[in-house]
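Colleague: Submitted below is the structure of interest, expressed as C-alpha cells.
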Amino acid sequence: MQPADFTALLPFLIITATSVAVMLLIAVVRSHRWTVGLTILGLTAAFISLFVSLRIAPHSVTLLLLVDRYALFYIGLIVAAAAAVVLLSYDYFEKKEGRREEFYVLLLVATLGAAVLASSSHFATFFLGLETLSIPLFAMNAYLPDRKRPLEAGIKYLILAAVSSAFLLFGMALVYAALGTMSFRRIASFLAGDRPIDATLILSGAVLILTGVGFKLSLVPFHLWTPDVYEGAPAPVTAFIATVSKGAMFALLLRTQVAALNPTLQTAALTPSSAGELTAGPILLLIALIAAASMIAGNFLALLQSNVKRILAYSSIAQMGYILVAFLAAGRMAVETVTFYLVTYFVTTLGAFGVVTLLSHPDRDADHLDDYRGLFWRRPLLSGVFIAMLLSLAGLPLTAGFVGKFYLVAAGAASALWTLVFILVVTSGISVFYYLRVILALFANAETPVEPIASISRLGRGLIIVLAGLLIWLGIYPTPLIRIVQAVAAGFGTG
C-alpha cells in the first residue's frame with residue numbers, strides 16, 4: 001500500500017471510522033440527536049474527501065478497486081442520498097420510543113458497501129461490497145420489532161437475498177472456471193482476444209449473475225419481494241433501498257457492461273459458435289426482454305394498487321426497466337444516460353418517500369391512499385412537493401424526470417432499440433393514471449375523519465424543499481449536470 005492508495009481510499013476510511021465512532025458514542029451515551037449529528041458530520045467529511053481523492057484519479061488500489069471520476073461521482077451520489085435518509089430517519093424515529101441509535105450504524109455500514117460496489121473492478125469486491133450493503137438491510141427492514149410488517153419484510157428480504165447471492169456466486173465461479181480470472185479488465189481482454197473460450201460456461205455464468213443482479217434491482221421476474229418489502233419496511237429504509245441500493249448496483253453493472261460486453265458487441269452474433277468464439281446476442285436479448293417485462297408489469301400492476309408505498313414499489317420496478325433501455329445502448333452513451341437518469345431518480349424518489357416519512361404516525365406509516373385524501377387543504381407545502389415528485393416520476397415537462405426520459409428515448413433511438421423505445425413511451429403514458437390517482441386524492445374531501453398529522457421539524461421541511469428545488473432546477477436547466485455527467489463518462493475506466 002502506497003500513500004496514494006490511502007488517498008484514493010479516503011472516503012471509504014472516513015465512512016468506516018464514522019460507523020465505529022457512532023458505535024462508541026452509543027456505548028457512552030444514548031442520544032438520538034448526537035448520533036444523527038455525528039453521522040451527518042461523518043458523511044459530510046466523506047463527501048468533501050472525494051475532492052481530495054479526485055486529485056489522483058484514476059487510481060487502481062490493487063486489482064480490486066478502481067477509484068476514477070466515475071466511481072467518485074457515484075460515491076458522492078450515494079453519500080448524499082444516505083445523508084438525506086439520515087435526516088428523514090431523525091424525523092421518523094424521533095416520534096417513536098425505544099432504542100433508535102443503532103439504526104445509524106447499520107446505515108453507515110450499508111453505505112460503505114454501496115461505495116465499494118461503485119468502485120469495484122473485480123468479482124471479489126463486487127461480492128464483498130454487495131454483502132456489506134445487503135446484510136445491514138436485513139436488520140434495517142425489521143428495525144421496528146413491535147410491528148409485524150417490518151419483521152415480515154426483513155425475513156423475506158433475508159431469504160431471497162441469500163438465494164440471489166447463491167446464484168451470483170455460482171455465476172462468478174463459472175466465469176472464473178472459463179477464464180481463470182475475476183478482474184473485469186482481464187475478462188475484457190480475454191473476451192476481445194483470440195484465445196479459445198468455453199462459451200457455454202461464460203453464458204451460463206452470465207445468466208446466473210444476471211439473475212442475482214435482477215433480484216437486487218427488482219427486475220421482472222425477480223421482483224416479487226419488492227412490493228412486500230417496500231410496504232413493510234420503515235419509510236426511510238424503503239427510500240434507502242430504492243435509491244442507494246439500486247444506484248450502487250447500476251453503477252457496478254455499467255462498469256461490467258463496458259468491461260465485458262463491449263468487446264463482443266460489434267461481432268456477428270454472447271453465444272457459442274463452431275469456432276469457439278463468443279458473441280453477445282443472447283445476453284443482450286435476455287436483458288431486453290427483462291427490460292420490456294419490467295416496464296409492462298411494473299406499470300400495469302401499479303394500476304391495481306391502493307397502497308402508496310406499493311404504488312411506488314411497482315413504479316420503481318418500471319423505472320429500473322426504463323434504465324435498462326439506456327444500459328443496452330452500450331458505451332459512453334449508456335454511461336451518460338444511465339448516470340443522468342439515476343440522479344433524477346434519486347432526487348425524485350427521495351422526495352416522494354420523504355413526504356411519506358414526514359406524514360407517518362408513530363404507530364404506522366402513512367401508506368394508505370386514504371391518508372392523503374384532502375391533504376392539500378391541510379398541508380399545501382407537503383402536497384405540492386409530493387405532486388412535483390409524482391409528476392417527475394411520470395416524466396412530465398418542467399421536471400427532472402422529463403429530461404431524464406428524454407435522454408432515455410434518445411439513447412434507445414440512437415441504438416435503434418425501437419421496440420423498447422415504443423414500450424417505454426406507452427408505459428410512461430400508462431403510469432400517469434396511477435400517479436393521478438394519488439394526486440386527485442390530495443385534493444379530494446376526506447370521507448372519514450383523518451388522523452391529525454404529527455408536527456414536522458424544520459429539518460425535514462427544509463430537506464424536501466431542497467429536493468423539490470433540485471427537481472425543478474434539473475427540469476428547467478439541466479446543463480450543469482449534463483456537463484458533469486459527460487466528464488464522468490469521458491473519464492470512465494474498466495479497472
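Colleague: Given the range 1-108, what helices (runs of 4 or more DSSP H) lie entirely inside it while holding 3 or more residues that are crowded, with 20+ Cβ neighbours inside 10 Å?
Modeller: Values: elements: 3-8, 10-28, 32-54, 69-94.
Fully inside the range 1-108 and qualifying: 10-28, 32-54, 69-94.
Colleague: Look through the range 350-367, keep the residues that are under 17 Å from Tyr434 (Cα atoms) and touching a Lys or Arg at 6+ places or on another chain (Cβ under 9 Å), and return whichever of them is modelled with the lowest pLDDT. Steps first, answer last, please.
Modeller: Within the range 350-367, the first condition is being under 17 Å from Tyr434 (Cα atoms), and the residues that meet it are 352-353, 356, 367.
Applying the additional criterion that residues be touching a Lys or Arg at 6+ places or on another chain (Cβ under 9 Å) yields 353, 356, 367.
Values: Phe353: 92, Val356: 91, Asp367: 83.
Out of the qualifying residues, it is Asp367.
Colleague: Within the range 122-139, is even one residue within 18 Å of the chain's Cα centre (by Cα), over 20 Å from Phe250 (Cβ atoms), at pLDDT 85 or above and not β-branched (Val, Ile, Thr)?
Modeller: Yes, because at least one residue in the range 122-139 is within 18 Å of the chain's Cα centre (by Cα), over 20 Å from Phe250 (Cβ atoms), at pLDDT 85 or above and not β-branched (Val, Ile, Thr).
Colleague: To continue, here is another question. Has the range 194-215 got any residue that is under 30 Å from Leu88 (Cβ atoms) and in contact with a Lys or Arg (Cβ under 6 Å, 6 or more places away or on another chain)?
Modeller: The initial filter retains those residues of the range 194-215 that are under 30 Å from Leu88 (Cβ atoms), namely 212-215.
So of that shortlist, the ones also in contact with a Lys or Arg (Cβ under 6 Å, 6 or more places away or on another chain) come out as none.
No, every residue in the range 194-215 fails to be under 30 Å from Leu88 (Cβ atoms) and in contact with a Lys or Arg (Cβ under 6 Å, 6 or more places away or on another chain).
Colleague: State the number of residues belonging to the range 316-355 that are of a type in the set (A, V, I, L, M) and either more than 20 Å from His223 (Cβ to Cβ) or not in a helix (DSSP H, G or I) (or both). First the steps, then the outcome.
Modeller: We begin by selecting, within the range 316-355, every residue of a type in the set (A, V, I, L, M); these are 317-318, 320, 323-326, 328-330, 333-335, 338, 342-343, 347, 350, 352, 355.
With either more than 20 Å from His223 (Cβ to Cβ) or not in a helix (DSSP H, G or I) (or both) added as a condition, the list becomes 328-330, 333-335, 343, 347, 350, 355.
Selection size over the range 316-355: 10.
Colleague: So which pairs qualify, if the first residue must be in the range 27-41 and closer than 19 Å to Thr111 by Cα, the second must be part of a loop (DSSP other than H, G, I, E, B), the Cβ gap must be under 8 Å, and the two must be at least 6 apart or on different chains?
Modeller: Thr35/Arg100; Thr35/Glu101
Colleague: Could you tell me which residue of the range 217-242 is surrounded by the fewest Cβ atoms within 10 Å (Cβ to Cβ), considering only residues that are aromatic (Phe, Trp, Tyr) and assigned to a helix (DSSP H, G or I)? First the steps, then the outcome.
Modeller: If we filter the range 217-242 for residues that are aromatic (Phe, Trp, Tyr), which is where we start, we get 222, 225, 230, 240.
Narrowing the set further to residues that are assigned to a helix (DSSP H, G or I) leaves 225, 230, 240.
On the way: Trp225: 18, Tyr230: 30, Phe240: 32.
Only one residue tops the list, namely Trp225.
The values are calculated or read from the model by the stated rules, or taken from the named source; none is laboratory data. This is a predicted model, so every value here is computed, not measured. Cβ coordinates were reconstructed from backbone atoms using ideal geometry, including for glycine residues, and neighbour counts include every protein chain displayed.
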